[in-house]
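Chemist: Before anything else, here's the structure in question.
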């Protein structure tokens with residue numbers, strides 16, 4: 001087991017260090033200065049842009065205000081004009097990454113019980129416990145990451161209303177929330193093939209497995225390779241009273257055997273994620289999409305269907321063509337039975353200030369009903 005990463009700093013002639021935490025896998029900053037309520041936003045932004053982290057020793061609420069000030073300065077940076085949708089996407093991702101690096105330079109100390117030893121600090125112990133598990137020692141993490149933990153904790157408590165389930169799904173930290181309900185709606189209304197067994201590939205919160213069980217599928221096997229997702233799905237299925245109908249299996253894609261229905265909602269965009277949560281949106285080289293298609297025919301029971309739920313945003317961004325997708329079906333020995341389409345309802349689809357608005361305004365999410373060639 002590798003040694004935990006350490007953050008080092010100096011305080012006058014004294015040196016200090018603490019364990020470094022980063023859910024995104026960001027290495028500890030090499031340069032650190034101590035900062036408190038006397039630090040101006042302009043000075044803090046200059047340090048952050050130069051790659052120097054600020055270990056906060058002042059009032060916690062003032063640190064939150066400083067982070068907001070840093071965000072305003074980062075968002076004022078002029079954006080380079082893009083000649084194509086693909087260039088717009090890559091420039092947008094670069095800007096997002098730079099913004100994340102800059103805002104991630106404001107650091108907060110934590111004691112070994114996840115409490116924050118700063119004035120006016122909130123009680124974040126439960127939020128940190130849900131995300132990090134028990135702590136063995138004091139540590140340092142970015143304030144931006146902490147605010148993400150707090151937001152995830154609130155989502156977990158409140159849950160997301162899913163009309164197709166007549167209930168709520170409670171996403172855990174690091175598990176993508178089903179806030180884009182159109183893909184759930186597609187699975188809720190597509191005609192079910194005959195049969196009593198379904199596989200839900202990459203179950204996440206368990207929402208699609210729950211929808212299939214609620215629709216009357218006698219048995220669902222739901223897979224995911226992320227232990228957090230499996231714990232989240234188990235919690236949601238128990239809340240919904242569906243745990244007896246759904247078996248959860250830790251696997252990369254398919255479980256053993258064949259099923260009458262295979263369902264997969266892979267990440268939509270073939271690009272590299274920059275944080276654990278982005279694995280639900282960005283799929284490097286379309287690995288999960290290809291893996292599902294290539295393995296589908298071998299896991300379909302006779303007369304069964306594979307349902308691929310996929311946004312065409314990548315097509316409008318020039319990252320994948322419709323012809324490439326159809327060719328992938330053909331190579332996998334699959335034919336299209338039918339396709340159900342739905343327009344996204346999320347706010348970005350109509351936000352003209354979004355750098356990717358031209359692509360998002362054309363986006364359609366589809367459920368492709370696929371069957372094995374010759375079946």
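The values are calculated or read from the model by the stated rules, or taken from the named source; none is laboratory data. Please read these numbers as outputs of a predicted model, since none were measured by experiment. Note: ideal-geometry Cβ built from the backbone for every residue, glycine included; neighbour counts use all protein chains shown.
Chemist: Kindly evaluate residue 100 against the criterion of being within 30 Å of residue 314 (Cα to Cα), more than 26 Å from the chain's Cα centre (by Cα) and not in a strand (DSSP E or B).
Modeler: Against the criterion (within 30 Å of residue 314 (Cα to Cα), more than 26 Å from the chain's Cα centre (by Cα) and not in a strand (DSSP E or B)), residue 100 does not qualify.
Chemist: Separate question: Identify, from the list 340, 319, 308, the residue that is more than 22 Å from residue 254 (Cβ to Cβ), touching a residue at least 40 places away in the same chain (Cβ under 8 Å), within 26 Å of the chain's Cα centre (by Cα) and assigned to a strand (DSSP E or B).
Modeler: 340
Chemist: Right, another one. Which numbered condition trips up residue 224, out of (1) surrounded by 20 or more Cβ atoms within 10 Å (Cβ to Cβ); (2) touching a strand residue (DSSP E or B) at 6+ places or on another chain (Cβ under 9 Å); (3) modelled with pLDDT under 90?
Modeler: (3)
Chemist: Consider residue 211 carefully, then state whether it is free of Cβ contacts under 8 Å to residues at least 60 places away in the same chain, buried (at least 18 other Cβ atoms within 10 Å of the Cβ) and farther than 19 Å from residue 288 by Cβ.
Modeler: Taking the combined requirement at face value, the residue satisfies it.
Chemist: Here is a follow-up. Name, by its number, the condition in (1) crowded, with 16+ Cβ neighbours inside 10 Å; (2) in a loop (DSSP other than H, G, I, E, B) that does not hold for residue 113.
Modeler: (1)
Chemist: Scan 88, 95 and give me the residue that is surrounded by fewer than 17 Cβ atoms within 10 Å (Cβ to Cβ), within 25 Å of the chain's Cα centre (by Cα) and not in a loop (DSSP other than H, G, I, E, B).
Modeler: Selected residue: 95, the only one of 88, 95 that is surrounded by fewer than 17 Cβ atoms within 10 Å (Cβ to Cβ), within 25 Å of the chain's Cα centre (by Cα) and not in a loop (DSSP other than H, G, I, E, B).
Condition check ((1) modelled with pLDDT of 90 or more; (2) buried (at least 22 other Cβ atoms within 10 Å of the Cβ); (3) over 17 Å from the mean Cα position of the chain (by Cα)) across all residues:
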residue: 245; (1), (2), (3): yes, no, yes
residue: 249; (1), (2), (3): yes, no, yes
residue: 256; (1), (2), (3): yes, no, yes
residue: 259; (1), (2), (3): yes, yes, yes
residue: 263; (1), (2), (3): yes, yes, yes
residue: 268; (1), (2), (3): no, yes, no
residue: 278; (1), (2), (3): no, no, no
residue: 284; (1), (2), (3): no, no, no
residue: 289; (1), (2), (3): yes, no, no
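Chemist: Spot the failing condition for residue 56; the list is (1) at negative phi; (2) over 30 Å from the mean Cα position of the chain (by Cα), and only one is missed.
Modeler: Failed condition: (2).
Conditions tested, residue by residue: (1) part of a loop (DSSP other than H, G, I, E, B); (2) within 21 Å of residue 372 (Cβ to Cβ).
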| residue | (1), (2) |
| --- | --- |
| 185 | no, no |
| 193 | yes, yes |
| 208 | no, no |
| 211 | no, no |
| 221 | no, yes |
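Chemist: Show the residue pairs meeting these rules: Cβ distance below 6 Å; 6+ apart or different chains; first residue within the stretch 42-58 and assigned by TED's automatic domain parsing to the domain that holds residue 30 and over 20 Å from residue 97 (Cα atoms); second residue modelled with pLDDT of 95 or more and in a helix (DSSP H, G or I).
Modeler: From residues that are assigned by TED's automatic domain parsing to the domain that holds residue 30 and over 20 Å from residue 97 (Cα atoms), the pairs are 56/63.
Chemist: Sticking with this one: Mind checking whether some residue in the stretch 161-175 is buried (at least 20 other Cβ atoms within 10 Å of the Cβ), without any contact (Cβ under 8 Å) to a residue 40 or more places away in the chain and not assigned by TED's automatic domain parsing to the domain that holds residue 148?
Modeler: no
Chemist: Please go through the stretch 239-260 and give me each residue that is within 25 Å of residue 320 (Cβ to Cβ) and either in contact with a strand residue (DSSP E or B) (Cβ under 7 Å, 6 or more places away or on another chain) or part of a strand (DSSP E or B) (or both), ordered by number.
Modeler: Once the filter is applied, which keeps residues that are within 25 Å of residue 320 (Cβ to Cβ) and either in contact with a strand residue (DSSP E or B) (Cβ under 7 Å, 6 or more places away or on another chain) or part of a strand (DSSP E or B) (or both), the stretch 239-260 yields 253, 254.
Chemist: Filter the stretch 343-375 for residues that are at pLDDT below 80, under 20 Å from the mean Cα position of the chain (by Cα) and in a helix (DSSP H, G or I) and give the result.
Modeler: Matches in the stretch 343-375: 347, 348, 349.
Chemist: Output the residues belonging to the stretch 262-285 that are closer than 22 Å to residue 212 by Cα, in contact (Cβ under 8 Å) with a residue 40 or more places away in the chain and not in a helix (DSSP H, G or I).
Modeler: Scanning the stretch 262-285 gives 262, 263, 264, 265, 266, 268.
Chemist: On the given criteria, is residue 333 in contact with a strand residue (DSSP E or B) (Cβ under 9 Å, 6 or more places away or on another chain) and either without any contact (Cβ under 8 Å) to a residue 40 or more places away in the chain or surrounded by fewer than 19 Cβ atoms within 10 Å (Cβ to Cβ) (or both)? Before the answer, list the steps.
Modeler: Numbers: in contact with a strand residue (DSSP E or B) (Cβ under 9 Å, 6 or more places away or on another chain): yes; either without any contact (Cβ under 8 Å) to a residue 40 or more places away in the chain or surrounded by fewer than 19 Cβ atoms within 10 Å (Cβ to Cβ) (or both): yes.
It is true that residue 333 is in contact with a strand residue (DSSP E or B) (Cβ under 9 Å, 6 or more places away or on another chain) and either without any contact (Cβ under 8 Å) to a residue 40 or more places away in the chain or surrounded by fewer than 19 Cβ atoms within 10 Å (Cβ to Cβ) (or both).
Chemist: Does residue 126 satisfy the criteria of being touching a residue at least 12 places away in the same chain (Cβ under 8 Å), outside any loop (DSSP other than H, G, I, E, B), in the same structural domain as residue 29 (by TED's automatic domain parsing) and surrounded by fewer than 19 Cβ atoms within 10 Å (Cβ to Cβ)?
Modeler: Criteria met by residue 126.
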